[in-house]
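Novice: I'd like to ask you about the structure that follows.
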Amino acid sequence: MFFFFSMSSFSAENVDEKDEVMEVFFEYLDAYSSSEFYAATRFLHPRHLNDYEEYVLPVLVDARNDARGESHPILKDFFEGVPEGSAGEMSGAQVSANLDRAMTNYFPAIIESTRLENISIKSVALLGDGRARVEYDYLTPNGETTSLEESFARYNGEWRILLPVPPLEAADELRRLFQ
């Protein structure tokens, strides 16, 4: 892994903030690539976790209760170990962790995309208003390079990851998947 970006024009405070963003990014990737999905949720912005509970969970519960959706492998993996009567009471962190587990079981390549050895940082930008962005290259298993980015926002003075697909949009995509 390598970093390249110029620090010469930034104050020490900006360098420290960029280091904080990178630390959150790498700790998240480390947890995720180790399939420690619940641990990975502590790096996500709480607004997104709340939105998972509010928007995504009802879609998954409805799909589970529908005859067409109950046998879908994503739903089976998502609800594995969740008692029947408490499925609708899951926290946003539980929804996120279970959905990540289910999606990586269904699409194993997702795990590879989070392995640190496959990522090269291109830039870290502080955008103002408590937001930041990390741009990076991901080396795919077939040797191609894909440019990606992650967004961050401050929450109670700490950097947290904003999901690339907001939960409301994820809920719509899941609804279409299970229809």
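Novice: Given the conditions (1) in a strand (DSSP E or B); (2) buried (at least 16 other Cβ atoms within 10 Å of the Cβ), which single one is not true for ARG175?
Specialist: Only one criterion in (1) in a strand (DSSP E or B); (2) buried (at least 16 other Cβ atoms within 10 Å of the Cβ) is unmet by ARG175, namely (1).
Novice: Within the bounds of the stretch 113-129, is there any residue that is hydrophobic (A, V, I, L, M, F, W, C) and closer than 27 Å to PRO58 by Cβ?
Specialist: Scanning the stretch 113-129 turns up no residue that is hydrophobic (A, V, I, L, M, F, W, C) and closer than 27 Å to PRO58 by Cβ.
Novice: Looking only at the stretch 1-20, filter to residues that are surrounded by 15 or more Cβ atoms within 10 Å (Cβ to Cβ) and in contact with a Leu (Cβ under 8 Å, 6 or more places away or on another chain); which one of those is modelled with the highest pLDDT?
Specialist: LYS18
Novice: Is it the case that the stretch 147-159 has a residue that's closer than 15 Å to LEU60 by Cβ and assigned to a loop (DSSP other than H, G, I, E, B)?
Specialist: no
Novice: If you go through the stretch 161-172 one residue at a time, do you hit one that is over 14 Å from the mean Cα position of the chain (by Cα) and part of a strand (DSSP E or B)?
Specialist: no
Novice: How many of the residues in the stretch 129-144 are part of a strand (DSSP E or B) and either touching a residue at least 40 places away in the same chain (Cβ under 8 Å) or exposed (fewer than 11 other Cβ atoms within 10 Å of the Cβ) (or both)?
Specialist: 2
Novice: When the stretch 150-170 is examined, which residues are found to be open to solvent by 70 Å² or more (accessible area, probe 1.4 Å) and of a type in the set (A, V, I, L, M)?
Specialist: Result: LEU168, single match.
Novice: Mind checking which residues of the stretch 21-72 are acidic (Asp, Glu), farther than 26 Å from SER123 by Cβ and either at pLDDT 95 or above or touching a Phe, Trp or Tyr at 6+ places or on another chain (Cβ under 6 Å) (or both)?
Specialist: GLU36, ASP51, GLU53, GLU54
Novice: Only one residue in ALA40, ALA67, ALA63 is among the hydrophobic types (A, V, I, L, M, F, W, C) and either surrounded by fewer than 17 Cβ atoms within 10 Å (Cβ to Cβ) or over 16 Å from ALA102 (Cα atoms) (or both), so which one is that?
Specialist: Just a single option satisfies the conditions, and that option is ALA67.
Novice: Look at ASP30 and say whether it is without any contact (Cβ under 8 Å) to a residue 60 or more places away in the chain, out of contact with any Ser or Thr (no Cβ under 7 Å at 6 or more places or on another chain) and open to solvent by 70 Å² or more (accessible area, probe 1.4 Å).
Specialist: Judged against the criteria, ASP30 is not a match.
Novice: Can you list residue pairs whose Cβ atoms sit under 9 Å apart, with the first residue in the stretch 80-95 being closer than 16 Å to VAL56 by Cα and the second being of a type in the set (Lys, Arg)? Count only pairs 6 or more apart in sequence or on different chains.
Specialist: ALA87/ARG64; ALA93/ARG42
Novice: Also, I was wondering about something else. Pull up the stretch 103-128, narrow it to residues that are out of contact with any helix residue (DSSP H, G or I) (no Cβ under 7 Å at 6 or more places or on another chain) and either in a loop (DSSP other than H, G, I, E, B) or open to solvent by 70 Å² or more (accessible area, probe 1.4 Å) (or both), then point me to the one that is nearest to GLU23 (Cα to Cα).
Specialist: If we take residues in the stretch 103-128 being out of contact with any helix residue (DSSP H, G or I) (no Cβ under 7 Å at 6 or more places or on another chain) and either in a loop (DSSP other than H, G, I, E, B) or open to solvent by 70 Å² or more (accessible area, probe 1.4 Å) (or both), then GLU117 is nearest to GLU23 (Cα to Cα).
Novice: Of all residues being polar (S, T, N, Q) and more than 14 Å from the chain's Cα centre (by Cα) in the stretch 109-127, which is nearest to SER35 (Cα to Cα)? Just the residue, please.
Specialist: ASN118
The values are calculated or read from the model by the stated rules, or taken from the named source; none is laboratory data. The shown structure was predicted, so the numbers you read here are calculated from the model rather than taken from an experiment. Positions of Cβ are backbone-derived with ideal geometry, glycine not excepted, and every protein chain shown enters the neighbour counts. Areas reflect the complete protein model, heavy atoms only, side chains present, ligands, DNA and RNA absent. Shrake-Rupley method; radii C 1.70, N 1.55, O 1.52, S 1.80 Å.
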